[in-house]
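**Student:** Here it is, the structure, as structure tokens.
Since every read-out is calculated from the coordinates, none of them should be taken as a lab result. Quick caveat: nothing in here was measured; it's all calculated off a predicted structure. As a convention, Cβ positions derive from the backbone with ideal geometry for all residues, glycine included, and neighbour counts pool all protein chains shown.
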Amino acid sequence: MKKDITMKKTTFVKGAFIATFAIILTKILGILYVIPFHAVVGEKGGALYGYAYTIYTLFMSLATAGIPLAICKVVSEYQTLGYYNTKKRVFAMGKKIALILGISCFLILFFFAPLLAKAILGDVVGGNSLKDVTYVIRIISTAILIVPLLSVYRGYFEGHRFMSPPSISQVLEQAVRVSIIIFGSFSAIKIFHLNLATSVGIALLGATIGALVSYLYLVEKKIKNKAKFQERIRPINEPIVTDKVIFHKIVFYAIPFILIDVFKSIYNYVDMVTLVKNLVSYASFSAKDAENVYAMISTWAAKFNMIVLSISTGVIVSLLPNLTESVVKKDKNDINKKVNQSLCILLYLTVPMTLGISFLAKPIWILFYGNSIFGPSVLSYFIFLGFTIGLFTLLVTILQTLKNYRMVIISLLVGVIIKILFNTNFIIAFCKMNLPPYYGAITASILGYLVAIVLCFITLHSHYKIHFEDFLKNFFDIICGSLLMVVGLLLLKLFIPISSDIRIVNLFILLVYVLMGMIFYFIYGYFTHLTSKVFGKDIFRTVKKILLKR
């Protein structure tokens, strides 16, 4: 029988590479589809898609209930302790919880869709109708029947540190989803001449079908590799753990992850119910322009934020089972090492990426969406929100793994309160200062996350004696390398224009700028030994082996 090379346990750094690469690939697919999708449905269709997806994200946070990471954490904990039978029961119970939550959230979302549509649009007229928003919300609600169960399977694989199958499943899910979005919406409008709402509905249905295909892939993978999940590290007299204890542990571990996702969705919900209305009322935007800006923030610019966020997700997926193992063993030195290394890996990759996307916002926007009055301006600033969300998510996940649930809740509450209190005020203030008023909403979000980040760092240092000296040294080098990259791009701008009105030309411009930016940054990282300090001394040898592996 042929050996399954995708079912090997991975170390923290290698697992982070695999998970991050897969997630980045899915996000790239998620960005590439917007070029044809935007061309087909336009700004109005983008806003309609954004309305449905924002609501879906909020309810998906409730339906998945932090299950994938909670299952990952509980399975890793029992695997480390040697409680192998209990580990199997965790998986079975996780599936039951997922089914109950998925069906419940689907029913709520489906039947209360008209009320949600009214809350989104209010009395604004001239854009999408209440009927259309209700329709697309009901379409996307079907995905909630499948995704929670899919998340349990991913958490179970990741808890065993089998990173490749769940990573492949994510790519598969996104590939199917994107294919349906592109070909479904195009066929609906260009071939069958259906209305805009129906076309967007077909695109949203891609989330359901993609999740189903991904789920079936993982089910098959688990059946074929059943023996690998039953491997025992050491013999042990396993104590009896009741179903009640398992249920409480899953729920208790899931609650912080629920709150993290829900509070993130609240940030988006605040923008959804305030941005359009305030832009119309205080900034004299037309309903059409206000909806266009909201579509950019909720859908089009957000696609690029997801690339930055994918790095933090990849690091978290690999860190969680490894850090849980160290916590169970009470290895304080290893905890300190993994926390610092995870932060360094995240910033090493996201700082230059964030600055690069901000610098190249205009050619990126023109390439993907065409010329726009607001687009490049939105993207150049909005991308920094993606960076702060990524850093915050990693920090609260670390705190959750260390079982400091109190600070997780406090940091989430403080951040969202700042967002709610300052969102409208900042929009008005930026308007009065003759700055883009939508920057006010973005600033309110960034401020909320930054305050929460500071609280997390203080807690990790004061309560857990985690020292950040090495992290700060590496962070200084990361900033220097990123600034060197920007300076290099500014010099390059003297010889090669940064954008063109011809969309395809921007592709070649971006290729040159991105390639040169990477060269500037990685050369700095090589000669200052920054790369080896972040990833370990064997990083180049490991990469070489992977690239040359047959």
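**Student:** What single numbered condition from (1) over 26 Å from the mean Cα position of the chain (by Cα); (2) in contact (Cβ under 8 Å) with a residue 40 or more places away in the chain fails to hold for PHE112?
**Tutor:** Unmet condition: (2).
**Student:** If you don't mind, another one. For residues that are touching a helix residue (DSSP H, G or I) at 6+ places or on another chain (Cβ under 7 Å), over 11 Å from LEU218 (Cβ atoms) and among the small types (Gly, Ala, Ser), scanning just the range 127-161, find the one that is surrounded by the fewest Cβ atoms within 10 Å (Cβ to Cβ).
**Tutor:** GLY127
**Student:** If a residue has to be within 19 Å of GLY375 (Cα to Cα) and either polar (S, T, N, Q) or in contact with a Lys or Arg (Cβ under 7 Å, 6 or more places away or on another chain) (or both) to count, how many in the range 496-531 make the cut?
**Tutor:** 4
**Student:** Report whether or not ASN336 is over 26 Å from LYS362 (Cβ atoms) and in a helix (DSSP H, G or I). Let's see the steps before the verdict.
**Tutor:** Details: over 26 Å from LYS362 (Cβ atoms): yes; in a helix (DSSP H, G or I): yes.
Yes, satisfied.
**Student:** Considering SER167, SER185, which residue is part of a helix (DSSP H, G or I), in contact (Cβ under 8 Å) with a residue 12 or more places away in the chain, under 20 Å from the mean Cα position of the chain (by Cα) and over 22 Å from PHE59 (Cβ atoms)? Full working, then the answer.
**Tutor:** Values: SER185 fails: under 20 Å from the mean Cα position of the chain (by Cα).
Result: SER167 is the single residue among SER167, SER185 that is part of a helix (DSSP H, G or I), in contact (Cβ under 8 Å) with a residue 12 or more places away in the chain, under 20 Å from the mean Cα position of the chain (by Cα) and over 22 Å from PHE59 (Cβ atoms).
**Student:** Condition first: buried (at least 24 other Cβ atoms within 10 Å of the Cβ) and not in a loop (DSSP other than H, G, I, E, B). Now tell me which residues in the range 280-301 satisfy that. Explain how you work it out, then say what you get.
**Tutor:** Our first condition is that a residue be buried (at least 24 other Cβ atoms within 10 Å of the Cβ); within the range 280-301, this holds for 290-297, 300-301.
Once the filter is applied, which keeps residues that are buried (at least 24 other Cβ atoms within 10 Å of the Cβ) and not in a loop (DSSP other than H, G, I, E, B), the range 280-301 yields ALA290, GLU291, ASN292, VAL293, TYR294, ALA295, MET296, ILE297, TRP300.
**Student:** Related question: Test PHE37 against the criterion of being buried (at least 19 other Cβ atoms within 10 Å of the Cβ) and in contact with a Cys (Cβ under 7 Å, 6 or more places away or on another chain), and give yes or no.
**Tutor:** When the stated conditions are applied, PHE37 does not pass them.
**Student:** Pairs only if they're at least six apart or on different chains, beta carbon under 8 angstrom, first in the range 91-103 and in contact (Cβ under 8 Å) with a residue 40 or more places away in the chain and among the aromatic types (Phe, Trp, Tyr), second surrounded by 14 or more Cβ atoms within 10 Å (Cβ to Cβ) and part of a helix (DSSP H, G or I); list them, first residue then second.
**Tutor:** If the second residue must be surrounded by 14 or more Cβ atoms within 10 Å (Cβ to Cβ) and part of a helix (DSSP H, G or I), the pairs left are PHE91/ILE71; PHE91/VAL75; PHE91/VAL152; PHE91/TYR156.
**Student:** Same structure again: Could you please give the count of residues in the range 284-312 that are of a type in the set (A, V, I, L, M, F, W, C) and over 28 Å from SER129 (Cβ atoms)? So that I can check it myself, show each step before the final result.
**Tutor:** Restricting attention to the range 284-312, the residues satisfying the condition of being of a type in the set (A, V, I, L, M, F, W, C) are 285, 287, 290, 293, 295-297, 300-302, 304, 306-309, 311.
Imposing the further condition that a residue be over 28 Å from SER129 (Cβ atoms) reduces the set to 304, 306-309, 311.
The total comes to 6.
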